[in-house]
Amino acid sequence: MSTELEVALKDIEIIAAYLGKTDMTEIIKLDLNLLLKLRSKYYDGANFDASDELALWSSMANILSELGTDLAHIKQYIGLSPNFAFGKKQLYKKILQQHMKVFGISACLWVFFILIVQSYYLIGNDVVSKNNVLFKQRNDMKIDLLKKINLLKRMQVSINENIDYRKINNSIDLLDEQFDANREILMQWNLIWRFGIPFTPKFSIYDNAVYYEKQENAKNQLIKSNLILERALKESRNIYFLNNISAKYILSLIEDYILPILYGSLGAFIKVLRDIYQQYNSHNLIKRSYWYCNLQIFLGGITAMSSKLIFFETLVISDNNHLTFFVLAFLVGYNLDSFFNYLENMLNKMIKK
């Protein structure tokens, strides 16, 4: 007898143990009974000819085909099954507890990390929006103030005693305070992703040359002081625009890439925990499932990020459109199969056209 046949005869016991934990169809029962009879015939020393060997291989193939699995899967499952009589119950429980603990803690940390990034994104987005509005309002108010001053001068009216002038001036002072407060928050917001390194004012070689030339040609101390004040104002505005523009780029990066990856991975995490729970209840949890779970989490994040590029034109644009993309990323990560089926259908339609 061949070595393969001897190994197959030993595997019949493993297949029988596996089938004992599942609901067997009539076809599987018939094939299993035949396998057990052939096994007994072989070990009893009866005449085991080529037709018996053919029947054994055929029955085993029918069982595996009916189950939709392979022998390696069954062996791995039996090796970890809590009810199998090879003393693996404690090992199974230990491995299960370790993996459930790892996935559970990882999911909690992932949710916490998403909350941090989402809060960081919302704060930055709100501060940038308010700064842009305050900056425009303040400039518009200053233009109105200059117009008012010119009008009062032509009318030869005292500027400081005019009520409209004082109202506009007070409004500008209030906007300045609000703008300075929001600008400070924006600078602190940027310090987080810059790891505590603040922006420094940047001027072109031409601007520096003009400034130093004016300083050298200044005739008195008052002119020099005015130049210094003008330079300080330019530095302040330069730092503000550096912070504002860089914040917009970081917000776009977070919205388009980082948050979709995080939400997609979160959806995959939830799907993984649900699958582990279902496989455990059905006694079909094997070590190979964990490798699949890790791959699913990684694939969920990457796929969710790319989904925005695919669905960008099809989604309804609204004031809260970024929330729509985050929900989409979560759903794509949770149900990868539907997303891939959608891509395949879309590709088939394109090929047919």
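The values are calculated or read from the model by the stated rules, or taken from the named source; none is laboratory data. These numbers come from a predicted model, not from an experiment. Cβ atoms come from the backbone with ideal geometry, glycine included; neighbour counts cover every protein chain shown.
Mind checking which residues of the range 122-162 are modelled with pLDDT under 85 and either of a type in the set (A, V, I, L, M) or in contact with a Gly (Cβ under 8 Å, 6 or more places away or on another chain) (or both)?
Result: M141, I143, L145, L146, I149, L151, L152, M155, V157, I159.
Going through the range 206-240 one residue at a time, which ones are of a type in the set (F, W, Y) and surrounded by fewer than 14 Cβ atoms within 10 Å (Cβ to Cβ)?
Hits for the range 206-240 are Y206, Y212.
Which one of the conditions (1) loosely packed, with under 14 Cβ neighbours inside 10 Å; (2) part of a loop (DSSP other than H, G, I, E, B); (3) more than 27 Å from the chain's Cα centre (by Cα); (4) not hydroxyl-bearing (S, T, Y) does F203 fail to meet, given that it meets all the rest?
(1)
Restricting to the range 174-229, give me the number of residues that are charged (D, E, K, R), modelled with pLDDT of 85 or more and within 30 Å of V117 (Cβ to Cβ).
Number satisfying all stated conditions: 4.
Go through (1) over 22 Å from the mean Cα position of the chain (by Cα); (2) of a type in the set (K, R); (3) at pLDDT 65 or above one by one and return the number of the condition K287 breaks.
(3)
Name the residue, out of I12, I78, I28, that is modelled with pLDDT under 70, under 30 Å from W291 (Cα atoms), crowded, with 18+ Cβ neighbours inside 10 Å and not assigned by TED's automatic domain parsing to the domain that holds Y292.
Step by step, each of I12, I78, I28 is checked, and only I78 is modelled with pLDDT under 70, under 30 Å from W291 (Cα atoms), crowded, with 18+ Cβ neighbours inside 10 Å and not assigned by TED's automatic domain parsing to the domain that holds Y292.
If I ask for residues that are surrounded by 16 or more Cβ atoms within 10 Å (Cβ to Cβ) and basic (K, R), which ones from the range 181-195 would you list?
Within the range 181-195, R183 is the sole residue that qualifies.
Starting from residues that are in contact (Cβ under 8 Å) with a residue 24 or more places away in the chain and polar (S, T, N, Q), keep the ones in the range 241-269 and report whichever is surrounded by the most Cβ atoms within 10 Å (Cβ to Cβ).
The selected residue is S265.
Checking I197 against (1) of a type in the set (A, V, I, L, M, F, W, C); (2) in contact (Cβ under 8 Å) with a residue 40 or more places away in the chain; (3) assigned to a loop (DSSP other than H, G, I, E, B), which test does it fail?
Looking at each condition in turn, I197 falls short on (2).
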